[in-house]
Amino acid sequence: MNGLDGIIAAETGLSDVDGEAGRLIIRGRPLDELAAHYRYEDVLALLWETLFPESEHGGTLATMLGQARARAFTHLDAADARVLELPPVDGVRSLLGRLADGEDLTSALDLVAALAVFTPAVTRLRRGLDPIRPDPTLSHAADMMRMLQARAPEPEQIAALDRYLVSAVDHGLNASSFTARVIASTRAGLTSSLVGALCALKGPLHGGAPGPVLDMLDAIGRPAAAGSWLEAALARGERLMGFGHRIYRVRDPRADVVKGALEILARAGHIDPSRLRLAEAVEREAIAALARHKPGRRLQTNLEFYTALLLEALGFPREAFTCVFAAGRAGGWVAHAREQALRGRLIRPSSRYVGPIPGEAA
Ligand code: ACO
């Protein structure tokens, strides 16, 4: 099966991915411009304009999002022992499923806020620590960091997380956003769309890759071991996590934005320089090894590779990386679901039947 390669399944005014040029445009602006100058809530205002006309003012939206984080905190009493035994992404999914389905701006903000609140809360609860109540007056990224580490974050940590959330916010018709659109096309509601999208995101071929990237770096251990380790993995037929993409034939532009955020952290002493050197050696060797094993396929670094290092340096545990990705992508999922519900039709493709026909010999 072709995985719907090249099929146009939606018209969107949200974002465009040019895989040959290595360019991502969100609402007419290049990603690097947004990542350098916009907070996550400002990108939400941009992404949601025309979809929720009352959200067009970034300042107002930031205030409303802070209030939504405070509301999300009240759902944490449902984070019981059974929920906390689940992997964090499944725990967060079960908490997210508690939110009522809706179509309005309040429902949209509640969902984005919930992912930002549940991720640090579930992380802390699994460590036996109390969750930290949101501070609605802070920026979204600052509050997320504060809820994770229970103290005021450094400006570099806030800037780095903001850049990451912005780089993750939307990316064409990726598998999880397509899932959100399929569900929205039945008019099921925003919570249903986002729960489905989160389920699609968690797989290692989509948003589940950054945790395994760190496992790979740990297994390699030192730059000099990268070449032989990667060669052996490819010889066993394994995929190298953090490399390859359906659309990009050149380096994923999001990888550069995230690497820039890592450099902000490195300058402030928040990351061990030897970890960065190891990652750079692994990246170099992996691209060379992939070119030898899959000639002509042009497999390059994707978003997830440097994301792994960034989220580790910010103090998120690797098993919760997909939840942080979801906290960023939530703004895009809402926009896709809303765009589909407002302007699209029921998504109902066809299949070709290749099974037995009644009356034909087996
Ligand atoms: N390591 C080794 N081989 C790879 C890799 C990789 N990372 N990526 C693709 N290939 C190979 C495949 O094995 C396949 O080889 P074959 O033709 O000999 O069978 C060929 O390249 C094409 O692979 P496809 O699966 O058709 O490529 P597709 O475009 O469908 O897959 C995907 C894209 C799933 C991202 C793939 O590159 C992959 O598995 N990467 C590793 C996981 C990863 O990093 N996921 C995060 C993606 S980014 C994101 O979702 C935010």
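The values are calculated or read from the model by the stated rules, or taken from the named source; none is laboratory data. Being a predicted model, the structure only gives us computed values, none of them experimental. Glycine gets a Cβ as well: all are built from the backbone with ideal geometry, and neighbour counts include every protein chain shown. For the accessible areas, the whole protein counts, side chains as well, though only heavy atoms, and no ligand, DNA or RNA atoms are used. Shrake-Rupley method; radii C 1.70, N 1.55, O 1.52, S 1.80 Å.
Quick check: is even one residue across segment 218-233 in the same structural domain as residue 335 (by TED's automatic domain parsing), more than 25 Å from residue 312 (Cα to Cα) and not in a loop (DSSP other than H, G, I, E, B)?
Residues of segment 218-233 in the same structural domain as residue 335 (by TED's automatic domain parsing): none.
Looking through segment 218-233, none of the residues is in the same structural domain as residue 335 (by TED's automatic domain parsing), more than 25 Å from residue 312 (Cα to Cα) and not in a loop (DSSP other than H, G, I, E, B).
Quick check: is even one residue across segment 78-100 of a type in the set (Asp, Glu) and in a loop (DSSP other than H, G, I, E, B)? So that I can check it myself, show each step before the final result.
Start the filter on segment 78-100 by keeping residues that are of a type in the set (Asp, Glu), which leaves 80, 85, 90.
With in a loop (DSSP other than H, G, I, E, B) added as a condition, the list becomes 80.
Yes, some residue in segment 78-100 is of a type in the set (Asp, Glu) and in a loop (DSSP other than H, G, I, E, B).
Do the conditions hold for residue 304, that is, is it farther than 27 Å from residue 153 by Cβ and surrounded by 16 or more Cβ atoms within 10 Å (Cβ to Cβ)?
Numbers: farther than 27 Å from residue 153 by Cβ: no; surrounded by 16 or more Cβ atoms within 10 Å (Cβ to Cβ): yes.
Considered against the rule, which asks whether it is farther than 27 Å from residue 153 by Cβ and surrounded by 16 or more Cβ atoms within 10 Å (Cβ to Cβ), residue 304 comes out as no.
Tell me whether segment 24-42 contains one or more residues that are open to solvent by less than 20 Å² (accessible area, probe 1.4 Å) and closer than 30 Å to residue 348 by Cβ.
As a first pass, look at segment 24-42 and keep what is open to solvent by less than 20 Å² (accessible area, probe 1.4 Å): 24, 26, 31, 34-35, 40-41.
Now narrow it down to the ones that are closer than 30 Å to residue 348 by Cβ: 24, 26.
Yes.
For segment 154-183, how many residues meet the condition of being within 16 Å of the ligand (Cβ to nearest atom) and either touching a Pro at 6+ places or on another chain (Cβ under 7 Å) or not in a helix (DSSP H, G or I) (or both)?
Count: 6.
For (1) open to solvent by less than 10 Å² (accessible area, probe 1.4 Å); (2) in contact with a Lys or Arg (Cβ under 6 Å, 6 or more places away or on another chain); (3) under 22 Å from residue 145 (Cβ atoms), each residue gets a yes or a no:
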site: 62; (1), (2), (3): no, no, yes
site: 65; (1), (2), (3): yes, no, yes
site: 71; (1), (2), (3): no, no, yes
site: 80; (1), (2), (3): no, no, no
site: 93; (1), (2), (3): no, no, no
site: 100; (1), (2), (3): no, no, no
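Please go through segment 224-234 and pick out each residue that is touching a residue at least 24 places away in the same chain (Cβ under 8 Å), within 13 Å of the ligand (Cβ to nearest atom) and open to solvent by less than 50 Å² (accessible area, probe 1.4 Å).
Once the filter is applied, which keeps residues that are touching a residue at least 24 places away in the same chain (Cβ under 8 Å), within 13 Å of the ligand (Cβ to nearest atom) and open to solvent by less than 50 Å² (accessible area, probe 1.4 Å), segment 224-234 yields 230, 234.
Any residue at all in segment 32-46 that is part of a loop (DSSP other than H, G, I, E, B) and in contact (Cβ under 8 Å) with a residue 24 or more places away in the chain?
Going residue by residue through segment 32-46, those that are part of a loop (DSSP other than H, G, I, E, B) are 38-39.
Remaining after also requiring in contact (Cβ under 8 Å) with a residue 24 or more places away in the chain: 38-39.
Among the residues of segment 32-46, at least one is part of a loop (DSSP other than H, G, I, E, B) and in contact (Cβ under 8 Å) with a residue 24 or more places away in the chain, which makes the answer yes.
Go through the residues of segment 60-71 one by one and say whether even a single one is in contact with a Gly (Cβ under 7 Å, 6 or more places away or on another chain), assigned by TED's automatic domain parsing to the domain that holds residue 325 and either at pLDDT 95 or above or farther than 21 Å from residue 142 by Cβ (or both).
The initial filter retains those residues of segment 60-71 that are in contact with a Gly (Cβ under 7 Å, 6 or more places away or on another chain), namely none.
Taking every residue of segment 60-71 in turn, none turns out to be in contact with a Gly (Cβ under 7 Å, 6 or more places away or on another chain), assigned by TED's automatic domain parsing to the domain that holds residue 325 and either at pLDDT 95 or above or farther than 21 Å from residue 142 by Cβ (or both).
For residue 151, all conditions in the list (1) more than 15 Å from the ligand (Cβ to nearest atom); (2) part of a helix (DSSP H, G or I); (3) open to solvent by 10 Å² or more (accessible area, probe 1.4 Å) hold save one; what is the number of the exception?
(2)
From the list 221, 203, which residue is under 15 Å from residue 329 (Cβ atoms) and surrounded by fewer than 18 Cβ atoms within 10 Å (Cβ to Cβ)?
Unique residue meeting the criteria: 203.
Every residue in segment 102-137 that is open to solvent by 20 Å² or more (accessible area, probe 1.4 Å), in a loop (DSSP other than H, G, I, E, B) and closer than 27 Å to residue 336 by Cα, please.
Scanning segment 102-137 gives 103, 104, 136.
Could you tell me which of the residues 237, 207, 203 is in contact with a Phe, Trp or Tyr (Cβ under 6 Å, 6 or more places away or on another chain) and within 12 Å of the ligand (Cβ to nearest atom)? Break it down into steps so the answer makes sense when it comes.
Values: 237 fails: in contact with a Phe, Trp or Tyr (Cβ under 6 Å, 6 or more places away or on another chain); 203 fails: in contact with a Phe, Trp or Tyr (Cβ under 6 Å, 6 or more places away or on another chain).
Just a single option satisfies the conditions, and that option is 207.
Considering only segment 285-295, how many residues are more than 24 Å from the chain's Cα centre (by Cα) and in a helix (DSSP H, G or I)? Let's see the steps before the verdict.
Residues of segment 285-295 more than 24 Å from the chain's Cα centre (by Cα): 285, 288-295.
With in a helix (DSSP H, G or I) added as a condition, the list becomes 285, 288-293.
Going through segment 285-295 one residue at a time, the tally reaches 7.
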